[in-house]
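*Asks:* One structure, as structure tokens, below. Some questions next.
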Amino acid sequence: MYTLIVFLPLLGAILAGFFGRIIGVRTSEIITSGFVLFGALLSWVAFFQIGVGGATLKVEVMSWITSGSLSIDWALRIDTLTAVMLVVVNTISGLVHVYSIGYMHNDPHRQRFFAYLSLFTFAMLMLVTSDNFLQLFFGWEGVGLASYLLIGFWYKKPSANAAAIKAFVVNRVGDFGLALGIFMIFAVFGSLDYDTVFAAAAAKSGETVAFLGFQFDLITTICVLLFFGAMGKSAQFLLHTWLPDAMEGPTPVSALIHAATMVTAGVFLVVRVSPMFELSADARFFVTLIGATTAFFAATVGLVQNDIKRVIAYSTCSQLGYMFVAAGVGAYGAAIFHLFTHAFFKALLFLGSGSVIHACSDEQDMRKMGGLVKYLKYTWVLMLIGTLALTGFPLTAGYFSKDAIIEATFASNSNIGMYAFILTVAAAAMTSFYSWRLMFMTFHGKTRASDKVLSHIHESPLVMLAPLGVLALGALGAGFLFSGYFIGGGSEHFWAEAIRLAKENTILEDIHHVPYWVKASPFVMMVGGFALAWLFYLAKPDLPVKLAVSMPGLYQFLLNKWYFDELYDAIFVKPAFRIGRFLWKTGDGKLIDGYGPDGIAARVIAITGRAVKMQSGLLYHYAFAMLIGVAFLITFFLFNGI
């Protein structure tokens, strides 16, 4: 069963990618979608067998690498953490596949698109079922490759190509840290197998490693290097710049990347390596710091974005910060719980925005929408459900998971925990504001859509709306149905050996004993954000413009995303181009080619050009040359005594 779950998407990708022209578009769509949906069904079976049932197993696929002391088997590690990720990846991917049948209906390259989607799914499944760090790295890089192909799917658009390259390059920065961490693990432990490394980690606690004359804690160094990889994949602060530009890909790609696959890989990695993070308070401090900063930063930028997909993209970035905060304070179950619930409502919001874009003739600017509720009633209801879940409305999925994270930060009883508490509560208010801003600007108020858009506006077909309905059920019910398993009294049995906590880690119990005002703070922020959005965009819609005019510096600062793109362009991109141009023009052109192949060839040509001029065809010229030659020979023999 588990082999089918993992390899069916790969088979679908091969059939659609290499034989798509033979089997046809419709068959490619059915095969790829059917394989992933069947894998999703099996994943739910695995979830109840492994998580609820408490079973754990390992499926050997083959012997993979044997080189000296390095021996790697390709095996599928099936525990509760894996089972949860299988459900998330396959369920969301299956619904995205079905949705794409309608959304990509007019695209001439659908076979290639569905092949890429299935390849993306397979790479993520390889990542979450890995039993060792090298297998994880294989899936990690496969996800990066697939994201590059999907973001740049419309390769005739320069902006799509630039976004794909940007995502690939920024992720390489983080992946370099991950690779260094894996190298260091093998150098220290002599193995890349999870169980072997985790069992030996405690014995290495307190040891140091020398680098450039400084001593660094061994476990902390490994954890921080691994987290650098997580920062890249999960678009955390400083390595976040690729995520909004990834919106250049088709909307189903955005939903898959932001809800179920690529960006969740970093959270999965930190939780998978929790036995090592539990040994390093400094590493957890760093994770919490980056996560809280990301949650706040991304929320501030989301306040002023006008592209409907970019608002949701920055929401994803912010929510990923929440997940890392939970992992940083030791509430790993809460981190995965939010990953689980977030997948449903974020995929719902992305696919819902795709329905709006599809209805509005590919328009994405919310300033050119408004009043669409009377045309898109079903889409409005579904996006309303997603918005309620994202903002943490009571009894929705986000209410259970996000509130648990905020409570965990306070319960951690530390300075970094209080820092995270303040920033995540502030981010909750901003999340509510920009989420309702999106709803009000898109569906309510006076319409700002052009007559051309209004003349063609229509509700999406059933093949697009049906997946939204399924996701809406998850956004409503995933919280109260599964909170007891993930973070409740039964969480210890549920997670079993998948998450190994230190004995002193009682954070999931402590969150139930925080003061009432802490529990109430997310709800107060949610209501405040809603009220402010209602005032700005329904009651007095002229207020946002007046506010932006009165504070142009702050508005431009947020609109330009804290100027990180410009900063990186000045620090990294332009100097890299200058160095490359210098090496090309001066190093390669003038030095290597100038004095090498081109220079030698030029000298030969010059000499032969002069020699050719001596062949005049006049007899007395040749006789004179012969006379000079004879005189030279006689002189040579006389002076050498021959």
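*Asks:* Please verify whether region 196-217 includes one or more residues that are of a type in the set (Asp, Glu), closer than 22 Å to GLY94 by Cα and out of contact with any strand residue (DSSP E or B) (no Cβ under 6 Å at 6 or more places or on another chain).
*Replies:* no
*Asks:* Within region 271-316, work out how many residues are closer than 26 Å to GLN364 by Cα, of a type in the set (A, V, I, L, M, F, W, C) and in contact with a Phe, Trp or Tyr (Cβ under 8 Å, 6 or more places away or on another chain).
*Replies:* Count: 9.
*Asks:* Tell me which residues, restricted to region 196-210, are under 16 Å from VAL273 (Cα atoms), in contact with a Phe, Trp or Tyr (Cβ under 7 Å, 6 or more places away or on another chain) and either touching a residue at least 24 places away in the same chain (Cβ under 8 Å) or surrounded by 16 or more Cβ atoms within 10 Å (Cβ to Cβ) (or both).
*Replies:* Listed by number, the list holds a single entry, VAL197.
*Asks:* Looking at (1) touching a helix residue (DSSP H, G or I) at 6+ places or on another chain (Cβ under 7 Å); (2) farther than 30 Å from THR300 by Cβ, which is the one condition that is false for PHE624?
*Replies:* (1) is the only condition that PHE624 fails.
*Asks:* Sticking with this one: Would you call ARG310 part of a helix (DSSP H, G or I) and buried (at least 24 other Cβ atoms within 10 Å of the Cβ)? It would help to see each step written out before you state the result.
*Replies:* On the way: part of a helix (DSSP H, G or I): yes; buried (at least 24 other Cβ atoms within 10 Å of the Cβ): no.
Against the criterion (part of a helix (DSSP H, G or I) and buried (at least 24 other Cβ atoms within 10 Å of the Cβ)), ARG310 does not qualify.
*Asks:* Quick one: ALA201 ticks every box in (1) part of a loop (DSSP other than H, G, I, E, B); (2) over 25 Å from the mean Cα position of the chain (by Cα) except a single one, so which number is it?
*Replies:* Of (1) part of a loop (DSSP other than H, G, I, E, B); (2) over 25 Å from the mean Cα position of the chain (by Cα), only one is false for ALA201: (1).
*Asks:* Can you name every residue in region 419-434 that is open to solvent by 10 Å² or more (accessible area, probe 1.4 Å) and in contact (Cβ under 8 Å) with a residue 12 or more places away in the chain? Lay out the reasoning, then the answer.
*Replies:* First, the residues of region 419-434 that are open to solvent by 10 Å² or more (accessible area, probe 1.4 Å): 419, 421-423, 425-426, 429-430, 433.
Result: TYR419, PHE421, LEU423, VAL425, ALA426, ALA429, MET430, PHE433.
*Asks:* State which residue pairs qualify: first residue under 14 Å from ALA83 (Cα atoms) and inside region 493-513, second residue open to solvent by 20 Å² or more (accessible area, probe 1.4 Å) in any location, beta carbons under 7 Å apart, and separation of 6 or more residues or different chains.
*Replies:* Pairs that qualify, where the first residue is under 14 Å from ALA83 (Cα atoms) and the partner is open to solvent by 20 Å² or more (accessible area, probe 1.4 Å), are PHE494/TYR485; ALA496/GLY54; ALA496/THR56; GLU497/THR56.
*Asks:* Residues to consider are GLN135, GLN111; find the one that is polar (S, T, N, Q), under 24 Å from LEU226 (Cβ atoms) and in a helix (DSSP H, G or I).
*Replies:* Of GLN135, GLN111, the one residue that is polar (S, T, N, Q), under 24 Å from LEU226 (Cβ atoms) and in a helix (DSSP H, G or I) is GLN135.
*Asks:* Here's another thing I want to ask about it. Within region 526-540, work out how many residues are open to solvent by 60 Å² or more (accessible area, probe 1.4 Å) and of a type outside the set (A, V, I, L, M, F, W, C).
*Replies:* Matching residues across region 526-540 total 1.
*Asks:* Do we find that GLY469 is outside any helix (DSSP H, G or I) and touching a residue at least 12 places away in the same chain (Cβ under 8 Å) in this structure?
*Replies:* No, not satisfied.
*Asks:* Go through (1) touching a helix residue (DSSP H, G or I) at 6+ places or on another chain (Cβ under 6 Å); (2) charged (D, E, K, R); (3) open to solvent by less than 10 Å² (accessible area, probe 1.4 Å) and name the single condition ARG272 misses.
*Replies:* It fails just one condition, (1).
*Asks:* If you don't mind, another one. Within region 26-49, is there a residue that is at pLDDT below 90, of a type in the set (Val, Ile, Thr), more than 16 Å from ALA123 (Cα to Cα) and in contact with a helix residue (DSSP H, G or I) (Cβ under 6 Å, 6 or more places away or on another chain)?
*Replies:* Taking every residue of region 26-49 in turn, none turns out to be at pLDDT below 90, of a type in the set (Val, Ile, Thr), more than 16 Å from ALA123 (Cα to Cα) and in contact with a helix residue (DSSP H, G or I) (Cβ under 6 Å, 6 or more places away or on another chain).
*Asks:* Just need a number here: residues in region 341-363 that are surrounded by 24 or more Cβ atoms within 10 Å (Cβ to Cβ) and in contact (Cβ under 8 Å) with a residue 60 or more places away in the chain.
*Replies:* The number of residues fulfilling the criteria is 16.
*Asks:* Within the bounds of region 211-222, is there any residue that is acidic (Asp, Glu), surrounded by 14 or more Cβ atoms within 10 Å (Cβ to Cβ) and more than 26 Å from the chain's Cα centre (by Cα)?
*Replies:* yes
*Asks:* Can you name every residue in region 178-191 that is open to solvent by less than 30 Å² (accessible area, probe 1.4 Å) and modelled with pLDDT under 90?
*Replies:* Within region 178-191, the subset open to solvent by less than 30 Å² (accessible area, probe 1.4 Å) is 178-179, 181-182, 185, 191.
If the condition is that a residue be open to solvent by less than 30 Å² (accessible area, probe 1.4 Å) and modelled with pLDDT under 90, then SER191 is the only one that fits.
*Asks:* Quick one: is LEU567 closer than 30 Å to MET430 by Cβ and in a helix (DSSP H, G or I)?
*Replies:* yes
Here is a yes/no grid of residues against (1) on the phi < 0 side of the Ramachandran plot; (2) at pLDDT below 85; (3) outside any helix (DSSP H, G or I); (4) open to solvent by 10 Å² or more (accessible area, probe 1.4 Å):
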residue: LEU225; (1), (2), (3), (4): yes, no, no, yes
residue: PHE228; (1), (2), (3), (4): yes, no, no, yes
residue: GLY232; (1), (2), (3), (4): yes, no, no, no
residue: LEU239; (1), (2), (3), (4): yes, no, yes, yes
residue: PRO252; (1), (2), (3), (4): yes, no, no, no
residue: LEU256; (1), (2), (3), (4): yes, no, no, no
residue: THR264; (1), (2), (3), (4): yes, no, no, no
residue: VAL267; (1), (2), (3), (4): yes, no, no, no
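*Asks:* I'd like the full set of residues that are of a type in the set (Gly, Ala, Ser) and either surrounded by fewer than 24 Cβ atoms within 10 Å (Cβ to Cβ) or without any contact (Cβ under 8 Å) to a residue 24 or more places away in the chain (or both), limited to region 435-459.
*Replies:* At the first step, the residues of region 435-459 found to be of a type in the set (Gly, Ala, Ser) are 435, 445, 449-450, 455.
If the condition is that a residue be of a type in the set (Gly, Ala, Ser) and either surrounded by fewer than 24 Cβ atoms within 10 Å (Cβ to Cβ) or without any contact (Cβ under 8 Å) to a residue 24 or more places away in the chain (or both), then GLY445, ALA449, SER450, SER455 are the ones that fit.
*Asks:* Let me ask something else. Check ILE30, ILE50, ILE14 and return the single one that is open to solvent by 80 Å² or more (accessible area, probe 1.4 Å) and assigned to a helix (DSSP H, G or I).
*Replies:* Exactly one of ILE30, ILE50, ILE14 is open to solvent by 80 Å² or more (accessible area, probe 1.4 Å) and assigned to a helix (DSSP H, G or I), namely ILE30.
*Asks:* Just one of ASP73, ASP107, ASP79 is modelled with pLDDT under 90 and either under 22 Å from LEU462 (Cα atoms) or surrounded by 24 or more Cβ atoms within 10 Å (Cβ to Cβ) (or both); which is it? Give the steps one after another, and end with the answer.
*Replies:* On the way: ASP73 fails: either under 22 Å from LEU462 (Cα atoms) or surrounded by 24 or more Cβ atoms within 10 Å (Cβ to Cβ) (or both); ASP79 fails: either under 22 Å from LEU462 (Cα atoms) or surrounded by 24 or more Cβ atoms within 10 Å (Cβ to Cβ) (or both).
Going through ASP73, ASP107, ASP79 in turn, just one is modelled with pLDDT under 90 and either under 22 Å from LEU462 (Cα atoms) or surrounded by 24 or more Cβ atoms within 10 Å (Cβ to Cβ) (or both): ASP107.
The values are calculated or read from the model by the stated rules, or taken from the named source; none is laboratory data. Computed from a predicted model, the values in this text were never measured in an experiment. For neighbour counting, all protein chains shown are included, and Cβ atoms are generated from backbone atoms with ideal geometry for every residue, glycine included. Keep in mind that these areas ignore ligands, DNA and RNA; they rest on the heavy atoms of the full protein, side chains included. Shrake-Rupley method; radii C 1.70, N 1.55, O 1.52, S 1.80 Å.
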